[in-house]
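Here the structure comes first, spelled out in structure tokens, and everything after it is commentary.
The values are calculated or read from the model by the stated rules, or taken from the named source; none is laboratory data. No experiment lies behind these values; they were computed from the predicted model shown. Virtual Cβ from ideal backbone geometry, glycine too; neighbours counted across all protein chains shown.
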Amino acid sequence: MAGTIAADTLTHSTAGSITTDYVVEGSAKYWVDFNGTGTVAVRDSLNHASLTDGGTGIYTVGYTNSFNNANYCIVGGQTDNSGSIAIPRQATNLATGSTVIRTTNGSSGADMLYVNVIALGDLA
């Protein structure tokens, strides 16, 4: 059974209220956790369509549902085998259906055991 719930405000019995704009505008629309070493593999995800290994420390992540425009935010993290943590950086301009992520170990590209990417913005 399919249906629609229309509401402008969500109210919790003890924690107060929030407008649905915060849920629609402020929720992650995409996330992925993947192994970036050897044969890259997704561990878990939301709205994830594809993962491509583009060379040492370069990955392209694709979205099942595209973003409305290229003005969305990418947040990420990476951890290598030693537990060293850094933040991946975007390698190219954002596209509505995918983006390229670059992981580094200091100043050079490096494959990482754990790579996490989150995207926030408006879906098409």
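Let's see how each residue does on (1) at pLDDT below 95; (2) touching a helix residue (DSSP H, G or I) at 6+ places or on another chain (Cβ under 7 Å):
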site	(1), (2)
A7	yes, yes
E25	yes, no
A28	yes, no
L46	no, no
Y63	no, no
N69	yes, no
I74	yes, no
Q78	yes, no
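Scan region 2-23 residue by residue and report those that are in a strand (DSSP E or B) and under 27 Å from the mean Cα position of the chain (by Cα).
Kept after step one, since they are in a strand (DSSP E or B), are these residues of region 2-23: 9-12, 16-19.
Selection gives T9, L10, I18, T19.
Is there a residue in region 15-22 that is modelled with pLDDT of 90 or more and within 24 Å of A124 (Cα to Cα)?
Scanning region 15-22, I find no residue that is modelled with pLDDT of 90 or more and within 24 Å of A124 (Cα to Cα), so the answer is no.
Every residue in region 24-55 that is of a type in the set (G, A, S), within 12 Å of the chain's Cα centre (by Cα) and outside any strand (DSSP E or B), please.
Within region 24-55, just S27 meets the criteria.
Please work out which residue is modelled with the highest pLDDT, limiting yourself to region 83-103 and to residues that are buried (at least 16 other Cβ atoms within 10 Å of the Cβ) and either touching a helix residue (DSSP H, G or I) at 6+ places or on another chain (Cβ under 9 Å) or assigned to a strand (DSSP E or B) (or both).
Looking at residues that are buried (at least 16 other Cβ atoms within 10 Å of the Cβ) and either touching a helix residue (DSSP H, G or I) at 6+ places or on another chain (Cβ under 9 Å) or assigned to a strand (DSSP E or B) (or both), I get S98.
Just checking, how many residues over region 20-68 are of a type in the set (D, E), touching a strand residue (DSSP E or B) at 6+ places or on another chain (Cβ under 6 Å) and without any contact (Cβ under 8 Å) to a residue 12 or more places away in the chain?
Counting residues in region 20-68 that are of a type in the set (D, E), touching a strand residue (DSSP E or B) at 6+ places or on another chain (Cβ under 6 Å) and without any contact (Cβ under 8 Å) to a residue 12 or more places away in the chain gives 0.
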